[in-house]
Amino acid sequence: MTMKRLAYRRWTDRIARAMAALAAVFGVVVLGAILLTVVYRGASALGIDFFTLATAAPRERGGMANALLGTFYLVVLATLLGVPLGMLCGTYLAEFGREGPLAVAVRFACEILMGTPSILIGVLIYTLLVVPVGGFSGYAGAVALAVIMIPVVARTTDEMLRLVPHELRESALALGAPHWKVTLGVVFTAARSGLVTGALLALARTSGETAPLLFTALNSTAWPRDLTEPTANLTVTIYNRAMSPFDDWQQMAWGASLVITSAVLGLTVAARWALGRHCR
Amino acid sequence: MAPGTVPKSFGDRLFFVVTACAAALVLALLVVLVLRLTQYAWPAISRFGLRFLVDGRWDIGAEQFGAASSIYGTLITTLIAMLIAAPLGVASAMFLVEMAPSWLSGSVGVALELLAAVPSIIYGMWGLFIFAPFMANYVQPTLAGWLGFLPLFQGPKMGLGVLTAGIILALMILPFITAVSRDVFRLVPPVMKESAYGVGATTWEVTRDVSLRYGVAGIAGALFLGLGRALGETMAVTFVIGNNHALSASLFDAGNTIASTLANEFAEADSDLHRAALVELGLVLFGMTLVFQLLAQLWLRRVRKSMGSRR
């Protein structure tokens with residue numbers, strides 16, 4: 001009787017372990033397959049033309065260079081806007097607000113904004129910057145991306161600054177330094193790599209975004225000269241081309257997918273590396 | 001100076017005001033989001049009233065708008081995604097924490113975090129070009145063969161549709177759910193597991209009776225967070241759902257979600273009422289994600305308090 005019971009328990013254990021291992025293997029295999037497909041299909045689309053020519057009509061020689069440049073502009077502009085604002089907000093939370101009512105409300109708002117679908121941020125910026133101005137623009141796209149960055153940067157800044165020991169602040173203050181100098185000069189320096197991690201993560205998160213650009217920056221076939229016009233960008237171009245019936249356009253979409261995936265994964269690895277340095 | 005006090009000198013006062021403005025900006029963003037969207041949706045809200053939520057018609061020509069098919073599509077794709085991703089994610093996390101050797105769980109853990117960062121448009125591309133043909137050729141005929149007597153599995157075997165969208169969503173949130181569940185399992189105090197092993201429990205028994213029981217609240221929180229992500233996901237769904245406003249019992253039929261409808265129609269909407277109806281859809285989506293997020297936040301806060309974790 002006891003032997004039978006033991007055998008039963010052993011078998012249940014074996015089956016449960018096998019199922020858990022299978023689940024993990026399944027996840028890794030399928031997700032790995034997605035990445036391999038992107039590399040395999042995308043690599044054949046990449047060439048000199050891809051990086052030097054503008055988007056062209058189907059069956060004509062063209063590339064993705066204008067979309068690459070456009071995405072670069074949008075992301076750089078969004079970073080210039082979103083990262084400083086996010087950091088200032090995080091600084092307030094960690095240095096002044098602490099557990100006060102405004103800080104609690106702002107932290108809560110950050111969580112809600114981070115969980116808000118990015119397409120709704122696109123709708124918001126559409127109502128704020130596209131309708132009043134009377135047209136889609138690259139600036140609107142950049143602002144939409146910045147709005148997505150701000151809460152991410154603010155929360156990481158908040159957490160990283162609060163990890164800095166109080167003694168450090170107190171010793172600088174004791175030397176007579178004003179609070180703002182202590183924060184910018186001492187606390188920021190101590191938390192430097194943590195802050196870099198936050199910025200990189202926000203960058204990684206937004207550079208692959210499509211939804212918030214659909215009705216802000218829209219898309220364009222021209223080179224991005226003037227950001228008050230609809231601006232070419234990689235992700236919306238991928239969307240348009242993948243949905244088109246033309247083979248060569250779809251091929252280009254795979255190439256662009258490979259580029260954007262590599263960029264996002266590269267930024268994520270860089271962020272992890274920076275955090276690793278921070279923790280050491 | 002104690003933290004929390006307002007500083008005295010001019011530089012300090014300026015610094016305080018600037019940072020406080022940035023913080024207030026975040027709060028303002030949220031308020032403006034709700035107010036502005038409501039303002040834009042007002043023509044549709046006042047015209048259709050509460051009927052908007054239950055009306056299944058979405059007729060652009062006749063200016064007759066109802067959200068029922070979009071709400072149904074959003075909920076059903078999320079449900080399918082959760083049914084697949086929740087057990088797979090929790091089981092994978094269990095494997096990584098309780099069974100895998102540390103070198104393996106370490107490298108798989110890093111891979112998971114990277115996969116969670118892959119842009120959703122990539123999942124959409126893969127879904128459209130690789131997975132949809134696979135669904136049409138293998139999965140849908142098999143399902144129709146075995147379970148075809150159910151209305152759920154009748155209809156066109158085109159590869160696109162509600163079921164495909166749900167599965168792609170599942171793959172997208174799988175790394176996220178696995179990573180969060182793994183963090184929850186890691187919080188289980190080793191002493192508790194060791195004492196169970198000490199009285200002769202098997203790995204499965206320790207997992208089921210100690211880790212899962214200890215972590216159940218945290219896991220629920222992780223699932224809520226994954227659910228919030230699935231609800232509002234746009235690109236991964238838009239590529240493969242087929243974008244059709246008809247309500248259908250079949251999971252093989254094309255459908256739509258709130259996010260996919262916005263992605264498809266917003267930039268091209270000509271009439272003010274159509275745009276207002278789309279913005280109202282957006283408000284409904286915001287309400288749905290807000291409810292799930294609030295539940296998840298409150299829940300996780302309670303759990304963290306009771307587990308006394310460092311977070």
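Here is how the numbers come out for the structure above:
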quantity	calculated
Long-range HN-HN contacts of B:GLN64 with modeled amide H, under 5 Å	B:ASP59
Alpha-carbon Rg/Rh ratio, for chain B, with Rh computed the Kirkwood way	1.06
In order through segment A:234-246: 3J(HN,Hα) via Karplus (6.51 cos²θ - 1.76 cosθ + 1.60), integer Hz, x for Gly, Pro	5, 5, 5, 4, 4, 4, 4, 6, 5, 7, 7, x, 8
Positions from segment A:157-198 whose accessible area shrinks by 40 Å² or more when the full protein complex is built, not the chain alone, probe 1.4 Å	A:HIS179, A:TRP180
Test item: B:289-298 mean partner chain Cβ contacts at 10 Å	2
Value of Rg/Rh across the protein assembly as shown [Cα atoms, Kirkwood radius]	0.98
Packing rank of A:136-149, B:153-166, B:37-50, where each peptide gets the mean count of other beta carbons within 10 Å, highest leading	A:136-149, B:153-166, B:37-50
For segment A:50-279, accessible area per residue (1.4 Å probe, heavy atoms of protein chains only), Å²	38
Rounded FRET efficiency, nearest 0.05, which uses the C-beta distance separating A:ALA270 from B:SER9 and R0 of 45 Å	0.75
Centroid-to-centroid separation of segment B:86-123 and segment B:151-215 [C-alpha atoms, Å]	11
Area of B:ASP59 that stays accessible when all protein chains are in place (1.4 Å probe, Å², to 10)	70
Protein accessible area in segment A:2-43, 1.4 Å probe - carbon and sulfur %	73
Protein accessible surface hidden between B and A, which excludes ligands and nucleic acids, total in Å², probe 1.4 Å	7000
Solvent-accessible heavy-atom area per residue, rounded to whole Å², over chain B at 1.4 Å	43
Computed [θ] at 222 nm, deg cm²/dmol, chain A (DSSP H ≥ 4; -39,500 (n - 2.57); rounded to nearest 500)	-23000 deg cm²/dmol
Per-q log10 I(q)/I(0), chain A, q = 0.11, 0.15, 0.16 Å⁻¹ (Debye; single scatterer per alpha-carbon; no solvent)	-0.77, -1.11, -1.19
Centroid-to-centroid separation of segment A:64-115 and segment B:4-73 [C-alpha atoms, Å]	18
Helix-derived mean residue ellipticity, 222 nm - over chain B, DSSP H n ≥ 4, -39500 (n - 2.57), to 500	-22000 deg cm²/dmol
Dipole axis of the protein assembly as shown (+1 Lys, Arg; -1 Asp, Glu on Cβ), positive-most option in A:PHE246, A:PRO132, B:VAL237	B:VAL237
Vicinal HN-Hα couplings computed from phi for segment B:220-233 (Karplus, 6.51 cos²θ - 1.76 cosθ + 1.60; Hz; Gly/Pro x)	4, x, 4, 5, 4, 4, x, 4, x, 5, 5, 4, x, 5
Shielded residues, segment B:114-151 - accessible-area loss of 50 Å² or more between chain alone and all protein chains, probe 1.4 Å	B:LEU114, B:LEU115, B:PRO119, B:ILE121, B:ILE122, B:MET125, B:TRP126, B:PHE129
Of all accessible heavy-atom area on segment A:50-279, the percent that carbon and sulfur account for (1.4 Å)	66
Those GluC sites (Glu not before Pro) in segment B:196-273 that DSSP places in a loop and that have at most 10 other beta carbons within 10 Å	B:GLU268
Ordering of A:195-203, B:256-264, B:96-104 by packing [mean C-beta count within 10 Å, highest first]	B:256-264, A:195-203, B:96-104
Anchor B:LYS193: aspartates and glutamates whose Cα lies under 19 Å away (excluding residues fewer than 8 positions away in-chain)	A:ASP13, B:GLU98, B:ASP183, B:GLU205, B:ASP209
Bins of 10 Å, starting at 0 and running to the largest distance - Cα pair percent for segment A:2-43	26, 26, 19, 15, 10, 4, 0
Trypsin sites (Lys or Arg not before Pro) lying in DSSP loop within segment A:14-96, provided at most 10 other Cβ fall within 10 Å	A:ARG59, A:ARG61
Efficiency of FRET from Cβ geometry, B:ARG208 and A:THR52, R₀ 60 Å, rounded to 0.05	0.55
Chain B - percent of accessible surface contributed by carbon and sulfur, probe 1.4 Å	68
Average beta-carbon neighbours from other chains, 10 Å sphere, peptide A:122-130	6
Chain A - percent relative contact order, Cα under 8 Å, separation 6 or more	26
DSSP-loop chymotrypsin sites (Phe, Trp or Tyr not before Pro) across segment A:186-280, with at most 15 other Cβ within 10 angstrom	A:PHE246
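The values are calculated or read from the model by the stated rules, or taken from the named source; none is laboratory data. This structure is a prediction, so every number in the text was calculated from the model and none was measured. FYI the Cβ positions are ideal-geometry reconstructions off the backbone, even for glycines, and counts take in every protein chain you see. Quick note on the areas: whole protein, heavy atoms, side chains included, nothing else; ligands and nucleic acids left out. Shrake-Rupley method; radii C 1.70, N 1.55, O 1.52, S 1.80 Å.
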